[in-house]
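Only one structure is covered here, and it is reproduced in the block below.
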Amino acid sequence: MNIAIIGTGNVGGALATKWAQKGHRIFLGVQDADNFKGKDLLQNDNTSVHSIGEAVSKAAVVLIATPPTAIFDIIAQMGDVQGKVIIDATNAVAKSPEPYKTVYHCLADKTTAAVVKCFNTTGFENMLNPLYGDVPTDMFMAGDSADAKAVAKTLALDCGFGDCIDFGKADKVELLEKFALSWINLAIMQGMGRGVAFKLMKR
């Protein structure tokens, strides 16, 4: 796949690395191509840096991994996203993109893309390495678009996750962000450390 990544910090960088390793073409969308966080990502095969609009124009899939309130500027720079899939990996746990509760809801309202919430429920370390021993942990997603969910699941499996569990439609996006808070609570607030992850068990 051709994937634009907007937000080259820990999460965007981890996913750029894993997806490039699987042979996807990665287009980093940044404000300043000469000065951006994650320049080392250009050492990954199939990875290049562009303006946000150019990166999006080259891609079928767009990952948003920025602070939630940046989404309005990003939408203004993305250009035409008709027919594209946008993956919202943000969490509006500290500040939401008002008047929207989440970036997902903002994207669903202001763009014509197929939107899915995914890659927001765990730390970037678990994206770089989802294995605990020989057990792959799980990723989770929510949203109204079946096509976007299919793409998110494929990319989650490409990262090495065991499954990408469907949390439900758009009405479950806020619940999925609260699920992210559960990981933050255990890893950070309760002092368990960032080497913790979730696995759905079935009987």
Exercise for review: Restrict the check to the range 140-148 and report whether at least one residue is polar (S, T, N, Q), surrounded by 19 or more Cβ atoms within 10 Å (Cβ to Cβ), in contact (Cβ under 8 Å) with a residue 40 or more places away in the chain and assigned to a loop (DSSP other than H, G, I, E, B).
Suggested key: no
Check your understanding: Condition test on G29, is it buried (at least 20 other Cβ atoms within 10 Å of the Cβ), under 17 Å from T90 (Cα atoms) and touching an Asp or Glu at 6+ places or on another chain (Cβ under 9 Å)?
Key -> yes
Review point. Has the range 120-134 got at least one residue that is assigned to a helix (DSSP H, G or I), aromatic (F, W, Y) and modelled with pLDDT of 95 or more?
Key: yes
Review point. When you scan the range 1-78 for strands (runs of 3 or more DSSP E) that lie fully inside it, which ones turn up with 1 or more residues that are touching a residue at least 60 places away in the same chain (Cβ under 8 Å)?
Key: 2-6, 61-64
Practice item. May I ask you to say which residue of L157, L186, L175 is assigned to a helix (DSSP H, G or I) and either touching a residue at least 60 places away in the same chain (Cβ under 8 Å) or over 24 Å from I86 (Cα atoms) (or both)? Key: L186
Check your understanding: If we keep just the residues of the range 189-203 that are free of Cβ contacts under 8 Å to residues at least 40 places away in the same chain and of a type in the set (A, V, I, L, M, F, W, C), which is surrounded by the fewest Cβ atoms within 10 Å (Cβ to Cβ)?
Key -> M201
Check your understanding: Going by the conditions given, is V85 surrounded by fewer than 15 Cβ atoms within 10 Å (Cβ to Cβ) and touching a residue at least 60 places away in the same chain (Cβ under 8 Å)?
Key -> no
**Study point:** Which listed residue, of K95, K101, K37, is closer than 26 Å to L128 by Cα and of a type in the set (K, R)
**Key:** K37
Practice item. Confirm whether D163 is charged (D, E, K, R) and over 17 Å from the mean Cα position of the chain (by Cα). Key: no
Practice item. Kindly indicate whether any position in the range 97-120 is β-branched (V, I, T), surrounded by fewer than 16 Cβ atoms within 10 Å (Cβ to Cβ) and either touching a residue at least 60 places away in the same chain (Cβ under 8 Å) or over 20 Å from K22 (Cβ atoms) (or both). Key: yes
Practice item. Just one of (1) under 18 Å from D144 (Cα atoms); (2) at pLDDT below 95 trips up A92, so point out which. Key: (1)
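The values are calculated or read from the model by the stated rules, or taken from the named source; none is laboratory data. Computed from a predicted structure; not experimentally measured. Counting neighbours? That spans all protein chains shown, and the Cβs are built from the backbone with ideal geometry, glycine included.
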